[in-house]
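Nothing in this text is a laboratory measurement; each read-out follows from the coordinates by a stated rule. Here the structure is a predicted model, which is why all the values come from computation and not from measurement. Cβ coordinates were reconstructed from backbone atoms using ideal geometry, including for glycine residues, and neighbour counts include every protein chain displayed.
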Amino acid sequence: MPATTHSSSEIAYNGSMKILVIEDDREAADYLEKAFAEAGHTAHVAGDGETGFTLADAGDYDVMVVDRMLPRRDGLSVIAGLRSRGNTTPVLILSALGEVDDRVTGLRAGGDDYLTKPYAFSELLARVEVLNRRASAREAETVYRVGDLELDRLSHSVRRAAREITLQPREFRLLEYLMRHAGQVVTRTMLLENVWDYHFDPQTNVIDVHVSRLRGKIEKGFDKPILHTVRGAGYMLKSG
Amino acid sequence: MALSLPAIMRTTAARLSALYFLLFALCAVLLVLYMTSLSARMLTAQTQETINDEVLGLARAYQRGGLPVLVRVVEARSRQPGANLYLIADTNGQILTGNVQSLEPGVIETEGWTTEPFSYRRFGEGELERQRNTAADQNETQPGQNEVQAEGEKGHNAIALVLRLPNQMIMLVGRDLGEPERFRAVIRRSLMLALGMMGLGGLLIWFFVGRAALKRIDSVSEASRRIMGGDLSGRLPVTGAGDEFDRLSENLNAMLARIATLNEGLKQVSDNIAHDLKTPLTRLRNRAEATLSGKHKTTDYRQALEGTIAESEQLIKTFNAILMISRLEAGYSSESTSRVDLAAAVRDVVELYEPVAEEAGVTLESSVEGDFAVNGNRELIGQALSNIVDNAIKYSTDATGKPAVRVALGRVGGEIRLSVTDNGQGIPDDADRARATERFVRLEKSRSQPGSGLGLSLANAIMTFHNGRLDLLPANPGLSVVMGFPARENH
C-alpha cells in the first residue's frame with residue numbers, strides 16, 4: 001500500500017496555541033508544559049483549581065487541559081464555574097476515572113473532550129489541536145476542500161479532481177471527520193469515538209483497516225497521496 | 001451458664017426486663033397513690049360530716065338545758081362503745097369532762113377544724129396498756145416490747161372540730177382516724193405484694209424468654225467469631241423455626257456466601273495478575289536492561305523505546321480490562337443503562353468488523369431483523385459483542401472449508417439471544433468451554449493468537465451486569481457464543 005509515514009515530531013502543526021494546564025501533579029504538569037512547547041505551543045500551568053479558575057477567567061486561552069481531581073477546587077467545578085461566567089474556551093478533561101458514567105458527568109459539566117490517564121502525549125496533543133477554538137470554525141461549512149479533494153456535506157457526494165468517488169455511509173463520515181480536521185493529526189481512538197461513537201479499545205486495530213479501505217478509494221488512480229499515516233499517533237489528511 | 005450480675009445486666013434481655021419492671025412499678029405506685037389519696041379525702045369528708053352531725057346534736061342539747069345538760073349528754077355519749085371523741089375544757093384549757101385523757105398541746109387553742117391529724121389518748125387506755133406491759137415484763141426476752149410501748153406513747157390519730165361555748169369554755173368533738181389508717185395499711189401491703197409479684201414475673205420472663213433469645217444471639221456471635229477466626233466456610237446456625245433469628249442467620253449466611261464468592265474472585269485475580277502481568281513486565285524490564293548494556297546505534301535505542309511504549313500500552317489495556325471486569329462484577333452503577341436496540345448494535349459492530357473479516361478472508365454475515373430492545377448500556381454491549389466477533393474471526397481461520405462467522409438475533413421465550421457462530425475448530429472439550437470465560441484463561445491453541453485472555457471474561461462480566469448470561473455452545477464445526485438478554489418489558 002503506498003502510504004507516506006511521518007513521525008509525529010516532523011509534523012508542522014498549523015499555528016501556535018495558548019494552552020492552560022490545570023494539573024496538581026508537578027511532574028506531569030512540567031512534562032506537559034515542555035511537551036507542548038516542543039510542539040510549538042505555549043502552556044501555562046496552574047497547580048490547583050482556584051488558581052486555575054482565576055487564570056482561565058483572566059487569560060485568553062485557546063484550549064484548557066483540566067485534571068478532574070484538584071486541590072482547593074475540583075476540576076468539574078472549575079469548568080462549571082467558567083461556563084456560568086460565559087467562558088467558552090474548549091476544555092479537555094484529564095482523569096484517572098475512565099468509566100462511561102464518569103465521562104458522561106465530565107462532559108455534562110461543560111467539558112468538550114475526555115481523556116483517561118494514563119494517556120499517550122500524542123493522543124492528548126491531537127485532541128487539543130482538534131479542540132482549538134480558532135481552528136474549529138469548519139463545523140458550519142457545507143463543502144470541505146483539501147487540495148483537489150472535495151466533500152459536499154449536503155448532497156453526500158465526494159469528488160477528487162472532478163472525478164466522483166462512491167463511498168459507503170460510514171466511509172463518508174470517516175472522510176468527513178478527517179476533512180474537518182484536515183492538517184491535524186487524528187488518532188484512532190478519536191475516529192472510533194467520533195465516527196462510530198464507541199469509547200472502548202477494540203482488540204484488533206479495526207480502524208486501520210477502515211482507513212486503508214478509504215485510502216484505497218480516495219488515492220487509487222491519483223498520483224498524490226492525501227491521507228497520511230502519522231507514526232505513533234494516527235492519521236492526517238493533507239494535500240501536498 | 002454462670003454469669004455475674006454486671007454481666008447479666010449487660011444483656012439486652014435483662015436490661016429490657018429491668019426497664020419494663022421499673023416502668024410498670026412506677027405506674028402501679030402512682031395509680032395506688034392517687035387512689036388512696038382520693039379515698040382518704042372521701043373518708044375525711046365523711047368523718048367531718050359525722051362530727052358536724054354530732055355538734056348539731058350537742059348544740060341542741062345546750063340550747064335545751066345549757067351547760068349541765070351538755071355535760072351530761074357528752075358524758076353519756078363518751079361511754080358508748082366506739083364513741084367519738086368528746087372534750088369540754090375551761091378557758092385555761094383544763095379538761096373538765098369527756099373521754100379524752102390527754103392530747104397534743106395546742107390542739108384546743110384554735111377554733112375550727114384541726115388542720116392536721118393530732119395524736120391523743122383516751123381514758124382507760126393507759127390501764128389496758130399497763131396491764132399488757134406487766135404481762136410482757138414477765139418474759140423479758142419478748143422482742144417488740146419497746147415498739148408496743150412507743151406505739152402506746154404515740155397514742156391514736158384523730159381529727160376534730162374545736163368550738164367555743166357561749167361561756168367561753170372549749171368543746172372538742174373528734175373522730176378517730178383508725179379506719180382510714182387501716183385502709184392505708186391494707187393498700188400499702190397489697191402494693192408491696194403486687195410489686196413483688198411483678199418483679200418475680202419480670203425475672204421469670206427474662207429467664208424463659210429473654211435468656212432463650214440471648215442464647216440464640218450468643219450462638220450467632222459464637223459462629224461469627226469462628227468465621228472471623230479464619231473458618232470462612234463456617235455458617236451461622238439455622239434452627240428451622242423460621243423466626244426472626246432464622247431469617248437473620250439465613251441472610252447473614254447468604255452474605256457470607258457472596259463475600260466468599262467475591263473473595264474467591266479477588267484471589268483468582270491476584271493470582272492471575274501475579275502470573276500473567278509479571279511476564280510482560282519482566283519482558284519490559286529485560287528489554288530496557290539489554291538496550292542499556294553495550295553500545296548501540298540511535299535507531300536501536302529508538303526501536304527499544306518504541307517497543308517499550310507498545311508493551312506498556314498493552315499492559316495498560318490489560319489493567320483497564322481487569323478494572324472494568326471487577327467494577328462490573330461489583331455491580332457498577334445502573335445509572336448508565338437505557339433502551340438499547342440490539343439489532344442496531346449488531347449492525348454497528350458487524351459494520352465495524354466487516355473490513356477486518358474481509359482482510360482475514362472470513363465471511364462475516366448477519367441476519368438481524370425486527371425489534372430487539374433491551375435495557376442496557378450500548379457501549380458495554382458493543383464492547384462485549386466486538387470482543388466475541390473479534391474472537392470468532394480469529395478462530396474461524398482454521399476452518400476446513402471457507403471460514404465464516406454468522407451473527408444472529410432471535411427470541412426464545414422471555415430471552416433475547418444474540419449468537420455469534422464460527423465454523424473453525426471450536427472448543428471440543430466441555431470443561432475447556434466452561435473455563436473459557438474465566439479471567440486470563442487462554443486455551444492451549446489460542447496461545448499463538450495475540451490477546452490478553454480477558455475478552456470473553458469481559459463479555460461474561462458485561463452479560464452478568466445486564467442480568468443475562470454468556471453461553472459457549474458447540475456448533476459442529478466451530479463454536480457458538482450466545483449472549484442471552486432478558487427481554488425488556490414494555491411500559
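Largest mean-square fluctuation among A:109, A:58, A:80, in a Gaussian network model of chain A whose springs join Cα atoms under 10 Å apart, belongs to A:58. Remark: mean inter-chain Cβ contacts per residue of B:351-361 equal 5, using a 10 Å Cβ-Cβ cutoff to other protein chain atoms. Between residue B:297 and residue B:400, what FRET efficiency comes out of the Förster formula 1/(1 + (r/R0)^6) with R0 = 56 Å and r the beta carbon distance, rounded to 0.05? Efficiency, from the Cβ-Cβ distance: 0.75. The GluC sites (Glu not before Pro) of the range B:341-410 meeting both criteria, a DSSP state outside H, G, I, E and B (loop) and at most 15 other C-beta atoms within 10 angstrom of the site's C-beta, are B:369. Remark: relative contact order (the range A:18-133) = 23 percent; criterion is Cα-Cα distance under 8 angstrom and separation of 6 or more residues. Note on residue B:239/residue A:205: beta-carbon distance plugged into 1/(1 + (r/R0)^6) with R0 of 60 Å gives a FRET efficiency of 0.45. Applying Stokes-Einstein at 37 °C and 0.692 mPa s to the Kirkwood radius of the protein assembly as shown, computed over alpha-carbon pairs, gives a translational diffusion coefficient of 91 µm² s⁻¹.
Dividing the summed -39500 (n - 2.57) terms of all DSSP H runs of n ≥ 4 by the residue count of chain A sets its mean residue ellipticity at 222 nm at -11000 deg cm²/dmol. Placing a label point 7 Å from the Cα of residue B:19 along the Cα-to-Cβ direction, the residues of the range B:191-215 whose backbone N falls under 16 Å of that point are B:206, B:210-211, B:214. Among B:156, A:41, A:156, sorting on how many other beta-carbon atoms sit within 10 Å of each Cβ, with the fewest leading, yields A:156, B:156, A:41. Put simply, the amide H of residue B:398, placed in the peptide plane, has neighbours under 5 Å in B:425, leaving out anything fewer than 5 places away on its chain. Along the axis of the charge dipole computed for the protein assembly as shown (Cβ charges of +1 for Lys and Arg, -1 for Asp and Glu, origin at the Cα centre), the listed residues A:17, B:413, B:14 are led at the positive end by B:413.
Seen against the Cα atoms of chain A and their longest principal axis, helix A:26-38 is set at about 40 degrees.
Note on residue A:108 and residue B:75: their simple-model spin labels are 11.1 nm apart, each label 7 Å out from Cα toward Cβ. The HN-Hα couplings worked out from phi for the range B:356-364 by the Karplus form 6.51 cos²θ - 1.76 cosθ + 1.60 (θ = phi - 60°) are 4, 4, 4, 4, 7, x, 10, 7, 10 Hz, whole numbers, x standing for Gly and Pro. Subtracting the Cα-Cα distance of residue B:319 and residue B:183 from their residue separation scaled by 0.36 nm leaves 40.1 nm. Electrostatic tally near residue A:208: other residues with Cβ closer than 11 Å to its Cβ, Lys and Arg +1, Asp and Glu -1, net +2.
May I ask you to compute the full-extension gain from residue B:37 to residue B:197, defined as 0.36 nm times their residue separation minus their alpha-carbon distance, rounded to one decimal in nm?
Working it through step by step, the gained length comes to 55.2 nm.
Sorting A:19, B:427 by the number of Cβ atoms found within 10 Å of their own Cβ, with the fewest placed first, yields B:427, A:19.
Principal-axis analysis of the Cα atoms of chain A puts helix A:169-180 at an angle of about 60° to the longest axis. Taking only the alpha carbons of the range B:251-396, we obtain Rg and Dmax values of 21.3, 67 Å in that order. Here the Debye sum runs over all C-alpha atoms of the range A:18-133 as equal scatterers in vacuum, and log10 of I(q)/I(0) at q = 0.18, 0.20 Å⁻¹ comes out as -0.83, -1.06. Legend: mean number of C-beta atoms from other chains within 10 angstrom of residue C-beta atoms, peptide B:315-323, equals 2. Cross-linked pairs A:117/B:278; A:224/B:394; A:217/A:238; A:224/B:317; A:117/A:238: Cα-Cα separations exceed 25 Å for A:224/B:394; A:224/B:317; A:117/A:238. Note on residue B:258 and residue A:38: the model spin-label points, each 7 Å out from Cα along the C-beta direction, lie 5.0 nm apart. With equal scatterers on the alpha carbons only and no solvent term, can you work out the Debye log10 of I(q)/I(0) for the range A:180-240 at 0.15, 0.29 1/Å? Rounded to two decimals, the profile gives -0.46, -1.37. Partner aspartates and glutamates whose Cα lies under 20 Å from the Cα of residue B:297, excluding those fewer than 8 positions away in the same chain, are identified as B:289, B:306.
Of the trypsin sites (Lys or Arg not before Pro) found in the range A:154-240, those in coil by DSSP whose Cβ has at most 14 other Cβ atoms within 10 Å are A:220. Of the Cα atoms belonging to the range B:154-201, the radius of gyration and Dmax stand at 19.3, 65 Å.
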